[in-house]
Amino acid sequence: MRSIGELARASGLTVSALRFYDRSGVLVPAFVDPVTGYRWYTDEQVAPARLVAGLRRVGMPLAGIAEALRDRHRPAAVHRLLDAHLRRLEDGLADARRELSRIRTLIEPEEFPVTTRLVLSRVDLAAAVDAVRFAVGTDPELPVLAGVLLDVEPDGVRLVATDRHRLAVARVVARIDGPALRVLLPVDAVDALRALLDTGVGITPEAHLTVLPERVEVAVADRMVTAVPLPYDYPDYRRLLHGATGSPTYRVPVDVAALRGALTAAGAPVLIREYAGTPHEVTVLGLDERGTLHVVGPDEAAAHAVRIGVNREYLLDALGAGDRGQLVLELDGPIAPLALRRPDDADAFSILMPVRL
C-alpha cells in the first residue's frame, strides 16, 4: 500500500489533486483509515494516476478523464477521446489567434487597411453556399443570425449559418493572402453571391474574394458583387460542434432519396408539437436493435432501442441542401443534437436540435 504522498510523488499529481479526484469518484483510494482518514492506494493504481496526471496537464475535462480511466483497457475508445480533445484544443488555439489579432489592431491600429484575398473554386464555393443557406435565421429580433459567417482560416474558409434550432457548416479550400478573420455577410448578399457563381459556368473555374474593413468583394470573370458586412459578433458556433461532432454513439449511413421518400410519402407518421404558439410537424427517427434507421409511428415506439424527434421541415431542408446522395446520421440519444455529415467531407455537416417527445 502507498500513502497519498507516495502516490503523489510516483504519479506527478499533487496531494490536493488526489483528494479532489477521490471526492469526484475518479480515482478512489483502495482504503481509507476510518480513524485517521488517511488514504491508501495500491501499486496497481500508480498507472491510472499517471494517466490522470497526463490528461490533467493537457486540460482534459473531468468527465473526459473519468471516461478515459473507465476505457483504459480499450485503446481505440481512448484514442477517439484524445482525438476529440485535440480537435477542441486546436479550435481553441485558432480562435485565440484570431481574437489576439483583433486585439492587436485595437491597440495598434494599422496605418493601412488590412486586406485579405482568397482564390477559391467557383464550384466548391457554390456547393458550400447551398449547404448552409437553408439554416440562415429569419427572426427580426436576432439580426446577428440573418447572414452567413465566413470564417477565414490559413488554408480555407468555413461557411456557417444557424437560426438556433439548426446549424449548417461547410468548408472550402482556398489560396489565402492576408490574415485570418471573420466576416458576416447579410443574406441578400449571400444570395447575390450565389447567383454570381452561376454566371461563371464555362468561363472560369475560380472565384476571387477580397475582404476589406468596410466591404467584401466577390469577383467571377468580369462580374462582381460587393457587400457591406453585418456589424455583429457571431456566436461561438464551435462550442456546439464540440458536443455534436466528437465521438457519437450511433453512426448510420443514410440514402438521402430513400429517407426523403419516407418523410414525404402519403401517410408518413408525424407528431404535432407547438413552439412559440405555432404547431410544427415532428418526425420521429428510430434505430432498431440492428442499427437500422426507421421513420417511427406512435404504435412502433416500443420496437426501437433509440428514438429522437426532429422538426420534419428542418430535416427535409438539411437533406436537400446541396448535392448529397449519401449522408451519415450521427446521434447520441433523444436529447442530444442530431448531426448529418457527408461521408467524403468531414467539414460539411448539419446539426439539428432535437424535439422532446
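The values are calculated or read from the model by the stated rules, or taken from the named source; none is laboratory data. As the structure is a computational prediction, the values presented were derived from the model and not from experiment. Positions of Cβ are generated from backbone atoms using ideal geometry, with glycine treated the same way; all protein chains shown enter the neighbour counts. Calculation scope for accessible area: heavy atoms of the full protein, side chains included, ligands and nucleic acids excluded. Shrake-Rupley method; radii C 1.70, N 1.55, O 1.52, S 1.80 Å.
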Give me a count of the residues in region 199-222 that are at pLDDT 90 or above, surrounded by fewer than 14 Cβ atoms within 10 Å (Cβ to Cβ) and more than 27 Å from Ser101 (Cα to Cα).
-> 1
Report the residue count in region 307-354 for those that are part of a strand (DSSP E or B), open to solvent by less than 30 Å² (accessible area, probe 1.4 Å) and modelled with pLDDT under 80.
-> 1
Every residue from region 187-196 that is farther than 14 Å from Leu150 by Cβ and either open to solvent by 70 Å² or more (accessible area, probe 1.4 Å) or of a type in the set (A, V, I, L, M) (or both) = Asp188, Ala192, Ala195, Leu196
Which is under 30 Å from Glu313 (Cβ atoms), buried (at least 16 other Cβ atoms within 10 Å of the Cβ), modelled with pLDDT of 90 or more and not hydrophobic (A, V, I, L, M, F, W, C), of Gly64, Gly137?
-> Gly137
Single residue of Ala10, Ala47 found to be exposed (fewer than 13 other Cβ atoms within 10 Å of the Cβ) and part of a helix (DSSP H, G or I) = Ala47
Among the candidates Glu281, Glu289, which residue alone is under 27 Å from the mean Cα position of the chain (by Cα), among the acidic types (Asp, Glu) and either part of a loop (DSSP other than H, G, I, E, B) or modelled with pLDDT of 85 or more (or both)?
-> Glu281
In this structure, does Pro248 turn out to be within 25 Å of Ala127 (Cβ to Cβ) and either surrounded by fewer than 12 Cβ atoms within 10 Å (Cβ to Cβ) or at pLDDT below 85 (or both)?
-> yes
Just to be sure, is Arg175 farther than 26 Å from Pro140 by Cα and surrounded by fewer than 16 Cβ atoms within 10 Å (Cβ to Cβ)?
-> yes
Is it true that some residue in region 81-102 is closer than 30 Å to Gly202 by Cβ and open to solvent by 40 Å² or more (accessible area, probe 1.4 Å)?
-> no
Criterion: surrounded by 15 or more Cβ atoms within 10 Å (Cβ to Cβ) and in a strand (DSSP E or B) - qualifying residue of Leu125, Leu55, Leu69, Leu120 | Leu120
Of the residues that sit in region 257-274 and are free of Cβ contacts under 8 Å to residues at least 60 places away in the same chain and under 16 Å from Val310 (Cα atoms), which one is most open to solvent (accessible area, probe 1.4 Å)?
-> Glu274
Would you point out which residue out of Arg56, Arg74, Arg117, Arg102 is under 23 Å from Pro179 (Cβ atoms), of a type outside the set (Gly, Ala, Ser) and modelled with pLDDT of 90 or more?
-> Arg117
